[in-house]
Structure formats: C-alpha cells, structure tokens
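The values are calculated or read from the model by the stated rules, or taken from the named source; none is laboratory data. Just so you know, these numbers come straight off a predicted model, no measurement behind them. Cβ atoms come from the backbone with ideal geometry, glycine included; neighbour counts cover every protein chain shown.
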Amino acid sequence: MLSELVDAGLPHAGTADDALFDDNDLGNMSLYLGLKSSRRMAMLCWIRALRRIRQGGARYTVSLRVSCTYPGHVGLCVYQVHPAFGGIRTATGTRADTTVAELTTPDLPCPVDLPRQVVQIANRFSDVSFHLLPRPLKDDLSLLHREKIGECSMTAKALISVLLEAGFPARLAFGLILATPFSSTHTWAEIQVDDQWLPVDPLLPRALQSWGIVRPADWPVTMSPRGLFYRLTGEQTDFARHAGYACRQSLPTTVAGA
C-alpha cells in the first residue's frame, strides 16, 4: 500500500525501498482507511468508557508513567511533575517506564445534553474534518477557516471565540479522555451552565463516526461528554519534564476500587 501511496505523491524521504514518512501522514491515512493502529485501538477504548459512564458514572486512577528523554546521561533521572498530578514536585527514577505520579478522580458525572443554542453554534463546525497536524499548524485558525481541517486545540479555540461572541461563558480545557487500560490527552472547549462547566466538542464525535469507530446514537454531537473528559488545566502542557524537555509518557488507567 505504501508503494502505491508514494506513486500517488505521498511525501517521503529516502528511496522507495527504505522510505521514511511523516507520522501525522501515516496517522491520518490509518484513520481514514480504517487500518488497525494503536491510535484506533485507544479510540475504541474511549467508546467502551463512554458506555460505562453513561450507565452510571465511575472513578478512575490514572498513573503518570514516563521515560527518560536522554537515557545516556549519568545518575538517576529527575522528573519535574506538573501540578495537575498532585502539585509541583520532583521525582527520581530509572530511564524507562517510571511511575512518577498518580491521581484518582472523584465520582464522575454522567454525560448530559447540551443547550440547544450551543448545539446550533457547534454545528457551524460540522464541515471541519479532523486531521493530525504538525506542531506549527496546530493553532493556525486560518487553516481551519480556509481548508476546513483542524485538530483538537485549533477547533476548541475557534469554538470558544464564537461562544464568547454569543454571550456564553466559555474556556479552554486540557486534560484526559478517561479510559482503561490507558487514558489519552485531549483539548476541548467548555461552557458554563448554571454552576457547572460542560465539555463541548463537535469535532471528535463526527470524526469517530466517519472512521466507523462509534455510532451517532452512542455519541451524538448534541451530548456533552461530561465524565469521559476530565479537565486538568486551562492550556496544553507537559505533565512531566526531564532536563527541561518533555518526557515520553503513558497514562495507565484502572477503575478505582475495582
């Protein structure tokens, strides 16, 4: 398949026999072609978690497991852990698969329907297609408006702008899509309704539906995925850093009390 894609113009480096490809390009192709991948498997876990939370809530314990960015250095690794995982602190450990922090969520609320006016605003983004993008383009709102493609952060910021203009209190959220055996990081918009903040994400459920991962009835765009999305901060951040650089990380997750 890759040779056919190269012939069709897929950007690559090297010769056809040992070609190197951009990770975002491969990720986008695997999603839109319905190919097996670790990313797709994680998304299927989100849907199982959504079904669990819709049946009556849950609590999760999430570990922050990191690996050293430069494994060849002398001495123990010292990791700077973000306050979202229990306060500013340092942790020492080995170079690979060190658990440096852990959090347990409170009892999580069930998803709810969004206000009708919010759904109408969110539907303005119904023609935007989800694409994994390189870092310099992740927040390029002109790309979203011009090409109708976007990623999580870009679409969330554009949606917040429209919500604020319409008079809705809105904010950016960065945190977790809670699922076993691993949670995933995500960025989304939130609106305040009465005394609570509700996640609003018109892009992700439509993308999952187009990839054949979820049925519209299981994750309608009119629903706030409250309880599945768990806000940790108001901006994208690294949960752990080593020598000033972001660490490779994973987020092993279990149902608390199970």
When every residue in the range 114-151 that is surrounded by 15 or more Cβ atoms within 10 Å (Cβ to Cβ) and among the acidic types (Asp, Glu) is compared, the one nearest to Ser224 (Cα to Cα) is Glu151
Here are some conditions: (1) among the charged types (D, E, K, R); (2) in contact with a Phe, Trp or Tyr (Cβ under 9 Å, 6 or more places away or on another chain); (3) closer than 21 Å to Gly27 by Cα. Arg171 meets all but one. Which one does it not meet?
(3)
Working only within the range 241-258, note down all residues that are buried (at least 16 other Cβ atoms within 10 Å of the Cβ) and farther than 20 Å from Ala179 by Cβ.
Arg241, His242, Cys247
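Scan the range 230-249 and tell me whether some residue there is in a strand (DSSP E or B) and of a type in the set (Phe, Trp, Tyr). Break it down into steps so the answer makes sense when it comes.
First, the residues of the range 230-249 that are in a strand (DSSP E or B): 230-233, 240-242, 245-246, 248-249.
The next check asks that each one be of a type in the set (Phe, Trp, Tyr); those that pass are 230, 245.
Yes - at least one qualifying residue is present in the range 230-249.
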Considering each of Arg48, Arg52, Arg40 in turn, give the residue that is loosely packed, with under 12 Cβ neighbours inside 10 Å, in a helix (DSSP H, G or I) and modelled with pLDDT of 90 or more.
Arg48
Collect the residues in the range 157-185 that are part of a strand (DSSP E or B), within 11 Å of Arg231 (Cα to Cα) and of a type in the set (A, V, I, L, M), keeping them in residue-number order.
Leu172, Ala173, Leu176, Ile177
Within the range 89-114, considering residues that are at pLDDT 90 or above and of a type in the set (D, E, K, R), the one nearest to Gln55 (Cα to Cα)
Asp107
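Within the range 62-80, is even one residue among the β-branched types (Val, Ile, Thr), closer than 24 Å to Ala207 by Cβ, modelled with pLDDT of 90 or more and in the same structural domain as Gln249 (by TED's automatic domain parsing)?
Yes, there is a match, as at least one residue in the range 62-80 is among the β-branched types (Val, Ile, Thr), closer than 24 Å to Ala207 by Cβ, modelled with pLDDT of 90 or more and in the same structural domain as Gln249 (by TED's automatic domain parsing).
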Testing Leu64 on (1) assigned to a helix (DSSP H, G or I); (2) touching a helix residue (DSSP H, G or I) at 6+ places or on another chain (Cβ under 8 Å), one condition comes back false. Which one is that?
(1)
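Within the range 127-148, can one find any residue that is in a strand (DSSP E or B) and farther than 26 Å from Arg54 by Cβ?
First pass over the range 127-148, keeping only residues in a strand (DSSP E or B): 129-130.
Pick out the ones that are also farther than 26 Å from Arg54 by Cβ and you get 129.
Yes, some residue in the range 127-148 is in a strand (DSSP E or B) and farther than 26 Å from Arg54 by Cβ.
Test of understanding: among Phe85, Phe125, which residue is in contact (Cβ under 8 Å) with a residue 60 or more places away in the chain, farther than 30 Å from Arg215 by Cα and among the aromatic types (Phe, Trp, Tyr)? So that I can check it myself, show each step before the final result.
Values: Phe125 fails: farther than 30 Å from Arg215 by Cα.
Matching residue, one of Phe85, Phe125: Phe85.
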The condition from (1) at pLDDT below 95; (2) of a type outside the set (A, V, I, L, M, F, W, C); (3) within 17 Å of the chain's Cα centre (by Cα) that Arg171 misses is numbered (1)
